[in-house]
Amino acid sequence: MPESDQTTVAIMHNSSIIVAERRVALRGKVTCALVTEGISERVLVRKLKQGDEQAFAHLLKLYETRVFGMAFRMTGSREDAEDITQETFLGIHSSLAKFRGASKLSTWVYRIAMNHCLEHTRRHRPEIVPLQDETVILQAAPMNDPHRSAEQACAKDAVQNALLGLSYDHRQVVVLHELEELTYSEIADALGIPQGTVKSRLFNAMHKMKDLLRDYVGEENTR
């Protein structure tokens, strides 16, 4: 088997293992500071372009869980999110030579992931399924109140249903800003749109989300 084919198979195998052990990340920006790993982003990119397998494993460690979480929120399906995550990193591996460093590595990763989410959306009609991870879009009762656990479960379902009820463009900005905590500038770079468009879409999306979640966020928060 050619070396390039062996590399692709290895990536698919490793990604499948990681996906099988997936736990969707809770809210809270994941620290991707490469300095703590003893390697700068510039050095990582150089090693990636040189075909360093350890560098690619490091890239997976940094972004694979976040890409899965984003794909899950965009599609509402763990199975589809697993497929998108694998396709994303295969795409990253095949496109490394095209990365010029004009944007941050993380922004480039998100751009590729969103492109795969869009392709998936065009191929499949999203199914509405329960949300199984934490979210901050709705302000529900404290999690330490055992009497509200059933309501919390219903609220999580409602959030996912509301997300999937948004247009694709609106869902993108909500997921990236409210759940992945990207800045307006980072979202603009990732999606290739002006910051003003990001803000406009987010404003309209959150207004619709609040309307869809009226029973959970309260009347005073939907005005």
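General observations
- Which listed pairs, of K47/K98; K61/K208; K47/K104; K98/K199; K61/K199; K61/K98, have C-alpha distances above 24 Å, in listed order: K61/K208; K98/K199; K61/K199
- Ranked by how many other beta carbons lie within 10 Å on average, peptides 40-47, 55-62 from highest: 55-62, 40-47
Every number in this text was worked out from the coordinates using simple rules, so none of it is lab data. As the structure is a computational prediction, the values presented were derived from the model and not from experiment. Here Cβ is always computed from backbone atoms with ideal geometry, including for glycine, and neighbour counts include all displayed protein chains.
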